[in-house]
Amino acid sequence: MKTSQYYPVIQTEDVKVTVAFYRDHLRFEPAFESSWYVHLQSTEDPSVNVAVLQHDHPTVPAAFQRPSTGLILNFEVEDVDAVHAEFQAAGIEMVKDIRSEDFGQRHFIVQEPYGVLIDIITPIPPSEEFAALYSADALPS
């Protein structure tokens with residue numbers, strides 16, 4: 001299977017509210033917009049996409065018509081501290097405040113309006129212990 005594009009589709013209770021979060025705080029704009037489905041594209045990198053779907057829309061099999069849960073979306077950015085400051089200024093609650101992790105990330109986590117976690121990350125050099133777990137071409141520097 002040759003994949004031509006990959007993006008998550010978030011099932012939500014309120015498409016407009018969820019889209020507004022991604023637009024206002026993560027710099028996405030609609031590439032397709034209906035009342036029940038919106039395909040969002042990053043204004044900074046068109047290859048970065050996410051979609052939002054009304055969870056109880058008939059295109060979703062009945063047994064799966066529920067909002068997304070247990071999902072974490074990772075967004076790697078150049079300057080996590082600057083993005084953290086933007087989110088704080090916007091009054092967005094941190095569910096995990098900014099920190100540097102031994103495994104090679106400086107990050108913080110927020111929650112979008114219907115429960116999906118958003119992890120904002122800048123890769124940093126890992127500790128020696130974790131550096132040994134990376135393949136040579138994936139080691140953060």
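Rounded to the nearest 5, what is the percent of antiparallel bridges among the DSSP beta bridges in the range 1-98?
So the antiparallel bridges amount to about 70 percent of the total.
Against the chain, whose longest principal axis is taken from its Cα atoms, helix 80-89 shows a tilt of about 50°. Each residue of the range 125-138 was assigned a 3J(HN,Hα) from its phi angle through the Karplus expression (A = 6.51, B = -1.76, C = 1.60, θ = phi - 60°), giving x, x, 5, 4, 4, 7, 4, 5, 8, 8, 6, 4, 7, 10 Hz with x at Gly and Pro. I want to verify the translational diffusion coefficient of the range 69-135 in µm²/s; compute it with Stokes-Einstein, Rh as the Kirkwood radius over Cα pairs, at 25 °C and 0.890 mPa s. Using the Kirkwood radius from Cα pairs, D works out to 195 µm²/s.
Taking a quarter of the surface of the convex hull around the Cα atoms of the chain, what do you get in nm²?
Details: hull surface 41.3 nm².
The number I arrive at for the chain is 10.3 nm².
Each label was represented as a point 7 Å from its Cα along the Cα-to-Cβ direction; for SER42 and ARG66 these points are 3.1 nm apart.
Under 5 Å between amide hydrogens, built in the peptide plane, is the criterion, and for LEU40 it picks out ALA31, VAL50, ALA51, VAL52 among residues at least 5 positions away or on other chains. Ordered by the count of other Cβ atoms within 10 Å of each Cβ, fewest first, ILE120, ILE109 give ILE109, ILE120.
Please compute the length gained on full extension between SER100 and GLU78, using 0.36 nm multiplied by the number of residues separating them and subtracting their Cα-Cα distance.
On the way: separation 22, 0.36 × 22 = 7.92 nm, distance 1.45 nm.
Working it through step by step, the gained length comes to 6.5 nm.
Between GLU86 and LYS2, full extension at 0.36 nm per residue minus the direct alpha carbon distance yields a gain of 26.5 nm.
Where a number appears in this text, it was derived from the coordinates with a stated rule and is not lab data. These numbers were taken from a predicted model, which means no experiment stands behind them. Cβ: placed from backbone, ideal geometry, glycine included. Neighbour counts: every protein chain shown.
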